[in-house]
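Single-structure report; data block below.
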Amino acid sequence: MTSQLREPLYGLLLDVDGPIASPVTRTVAIPSIATDLVAMARAGVPIVFNTGRSDDFVAATVMPALLDAGLPDDAPVIAVCEKGATWFTPTRAHLRNAGVDLRVDDALRVPTGLVEYCRSIAPDFDDAMFFDDTKKAMVSLEAHHGIDLDVYRERQHAFDQRVWDYLAEQEIGVVWGEREALNGSEDIAVRIDPTIISTDIEHAGVGKNVGADKAIELLAARGITPREWRTLGDSRSDYAMADRLHERGFVVRHGDVRPADGLLDRTYPVEVTPDPALTNDAAGAAFLTRWRADVKRGEASAAF
Ligand SMILES: [Mg+2]
């Protein structure tokens, strides 16, 4: 990596599950996703993955496809994991996990006692979910693949309630959906974040916006300042990436690959693919192909 100041057309800030990795196979299943990403990285476009998953997941899910497509080791690729709490620069050496190259923001970790408590009660819920051993800053319990999601939701609620009660006992402030309790403390320190396939118990300071801050900071340290940003996600919470970039004065457009959930109204452009049949990684692939063409031409496009 040179330290020379560079201004590529785009910086890409990408959610992984959904727009890049298929929610069905949990792999990079569409070949053009990897080839387009690698072509852009080779052209100097920084690619920052911004996921709630662990470094292990990024390594195992994304890296094989990128390496097969010819990703060079000095490519401007960064993985921000666990909603901004950890990050690393993925290379060929990271096909399983980030290992010693992983950086963890200690200020964004949940307390060790909470991790151990969740681990200790996980066996009570192993009919429905499993403890994700790969997380370094947060706790995640994920639904068993193939479980009936209504059954899971009930068990998930019971698990979340146990954690809520534990945090009350420990006098740790917590937010869980609409519920909020200071528990005698001065601030909300922990968030219980249930999704359709998992519960994350995380530091209240993490989020997709933190990943955006990390992306700007880590690229600036390498002398890279993109002229414009493009963000891509399948969830409402992914808009927080573009929100933060916009707040900080960058030009940004957000691609929503699951618009059926309802597009959010923003003052920056929010885009969808022209073909409503394309969702998730199929839509992600369409965005990447378009942006690759823009990079080749050296000019941003305003539409598909
Ligand atoms: Mg996602």
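The values are calculated or read from the model by the stated rules, or taken from the named source; none is laboratory data. Predicted model, so just to flag it, every value in this text is computed and none were measured. Reconstructed Cβ throughout: ideal geometry from the backbone, glycine too, with neighbour counts over all protein chains shown.
If we scan the range 115-124, do we find a residue that is in the same structural domain as Asp160 (by TED's automatic domain parsing), touching a helix residue (DSSP H, G or I) at 6+ places or on another chain (Cβ under 6 Å) and not hydrophobic (A, V, I, L, M, F, W, C)?
yes
Collect the residues in the range 182-203 that are away from the ligand (no atom under 16 Å from the Cβ) and either assigned to a strand (DSSP E or B) or closer than 25 Å to Asp265 by Cα (or both), keeping them in residue-number order. Can you show your working first?
Quick first cut of the range 182-203, residues away from the ligand (no atom under 16 Å from the Cβ) only: 182-192, 201, 203.
Selection gives Ile188, Ala189, Val190, Arg191, Ile192, Ile201, His203.
List the number of the failed condition for Leu182; all other conditions in (1) among the aliphatic types (A, V, I, L, M); (2) over 28 Å from Asn280 (Cβ atoms); (3) crowded, with 16+ Cβ neighbours inside 10 Å hold.
(3)
Does Asp160 fit the bill of being over 20 Å from Trp87 (Cβ atoms), surrounded by fewer than 15 Cβ atoms within 10 Å (Cβ to Cβ) and not polar (S, T, N, Q)? Steps first, please.
Working: over 20 Å from Trp87 (Cβ atoms): yes; surrounded by fewer than 15 Cβ atoms within 10 Å (Cβ to Cβ): no; not polar (S, T, N, Q): yes.
Taking the combined requirement at face value, the residue does not satisfy it.
Return the total of residues in the range 204-213 being assigned to a helix (DSSP H, G or I) and in contact with a Ser or Thr (Cβ under 9 Å, 6 or more places away or on another chain). If you could, list the steps in order and put the result at the bottom.
Filtering the range 204-213 down to residues assigned to a helix (DSSP H, G or I) leaves 208-213.
Within this subset, residues satisfying the condition of being in contact with a Ser or Thr (Cβ under 9 Å, 6 or more places away or on another chain) are 208, 211-212.
Total satisfying the criteria: 3.
Residues in the range 29-78 that are within 16 Å of the ligand (Cβ to nearest atom) and farther than 19 Å from Gly211 by Cβ: how many?
Final tally of qualifying residues: 3.
Give the residues of the range 214-239 that are part of a helix (DSSP H, G or I) and touching a helix residue (DSSP H, G or I) at 6+ places or on another chain (Cβ under 7 Å), sorted by residue number. Full working, then the answer.
Just the residues of the range 214-239 that are part of a helix (DSSP H, G or I), to begin with: 214-221, 236-239.
Lys214, Arg236, Ser237, Asp238 - these are the residues of the range 214-239 that are part of a helix (DSSP H, G or I) and touching a helix residue (DSSP H, G or I) at 6+ places or on another chain (Cβ under 7 Å).
For the range 253-271, name all the residues that are touching a Leu at 6+ places or on another chain (Cβ under 7 Å) and surrounded by fewer than 20 Cβ atoms within 10 Å (Cβ to Cβ). Outline the logic, then answer.
Going residue by residue through the range 253-271, those that are touching a Leu at 6+ places or on another chain (Cβ under 7 Å) are 255-257, 270.
If the condition is that a residue be touching a Leu at 6+ places or on another chain (Cβ under 7 Å) and surrounded by fewer than 20 Cβ atoms within 10 Å (Cβ to Cβ), then Val270 is the only one that fits.
Of Leu264, Leu288, Leu245, which residue is assigned to a helix (DSSP H, G or I) and either more than 16 Å from the ligand (Cβ to nearest atom) or under 27 Å from Val175 (Cβ atoms) (or both)? First the steps, then the outcome.
Working: Leu264 fails: assigned to a helix (DSSP H, G or I); Leu288 fails: either more than 16 Å from the ligand (Cβ to nearest atom) or under 27 Å from Val175 (Cβ atoms) (or both).
None of the others qualify; the one that does is Leu245.
All but one of (1) in contact (Cβ under 8 Å) with a residue 40 or more places away in the chain; (2) in contact with a helix residue (DSSP H, G or I) (Cβ under 8 Å, 6 or more places away or on another chain); (3) in a loop (DSSP other than H, G, I, E, B) hold for Gly70, so report the exception by its number.
Answer for Gly70: the failing condition is (1).
What tally of residues in the range 1-28 results from selecting those that are more than 14 Å from the ligand (Cβ to nearest atom) and either closer than 29 Å to Ile197 by Cα or not β-branched (Val, Ile, Thr) (or both)? Don't jump to the end; show me each part of the working.
In the first step, residues of the range 1-28 are kept if they are more than 14 Å from the ligand (Cβ to nearest atom); the result is 1-12, 25, 27.
Remaining after also requiring either closer than 29 Å to Ile197 by Cα or not β-branched (Val, Ile, Thr) (or both): 1, 3-12, 25, 27.
Number of matching residues: 13.
Condition check ((1) in contact (Cβ under 8 Å) with a residue 12 or more places away in the chain; (2) not in a helix (DSSP H, G or I)) across all residues:
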{"residue": "Arg96", "(1), (2)": "yes, yes"}
{"residue": "Val100", "(1), (2)": "no, no"}
{"residue": "Ala107", "(1), (2)": "yes, no"}
{"residue": "Gly113", "(1), (2)": "yes, no"}
{"residue": "Tyr117", "(1), (2)": "yes, no"}
{"residue": "Ser120", "(1), (2)": "no, no"}
{"residue": "Phe130", "(1), (2)": "yes, yes"}
{"residue": "Asp133", "(1), (2)": "no, yes"}
{"residue": "Ala137", "(1), (2)": "yes, yes"}
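Can you name the residue in the range 211-234 that is of a type in the set (A, V, I, L, M, F, W, C) and free of Cβ contacts under 8 Å to residues at least 40 places away in the same chain and, of all such residues, is nearest to Val80 (Cα to Cα)? Quick ask: steps written out before the conclusion?
Within the range 211-234, the subset of a type in the set (A, V, I, L, M, F, W, C) is 212, 215-216, 218-221, 224, 229, 232.
Adding the requirement that they be free of Cβ contacts under 8 Å to residues at least 40 places away in the same chain leaves 216, 220-221.
Numbers: Ile216: 11, Ala220: 15, Ala221: 15 Å.
Per the stated criteria, the residue is Ile216.
Do we find a residue being in contact with a Phe, Trp or Tyr (Cβ under 7 Å, 6 or more places away or on another chain) and assigned by TED's automatic domain parsing to the domain that holds Leu14 anywhere in the range 187-195?
Initially, the range 187-195 is screened for residues in contact with a Phe, Trp or Tyr (Cβ under 7 Å, 6 or more places away or on another chain), giving 192.
Those left that are additionally assigned by TED's automatic domain parsing to the domain that holds Leu14: none.
Checking the range 187-195: not a single residue is in contact with a Phe, Trp or Tyr (Cβ under 7 Å, 6 or more places away or on another chain) and assigned by TED's automatic domain parsing to the domain that holds Leu14.
Which pairs do you get when a residue that is closer than 16 Å to Pro111 by Cα, found in the range 184-203, comes within reach of a residue that is aromatic (Phe, Trp, Tyr), reach meaning Cβ atoms under 8 angstrom, with the pair 6+ apart or on two chains?
Here the result reads Arg191/Trp176; Ile192/Trp164; Ile192/Trp176, each pair linking the range 184-203 to a residue that is aromatic (Phe, Trp, Tyr).
Can you report the number of residues in the range 214-239 which are surrounded by fewer than 21 Cβ atoms within 10 Å (Cβ to Cβ), modelled with pLDDT of 95 or more and within 16 Å of the ligand (Cβ to nearest atom)?
0
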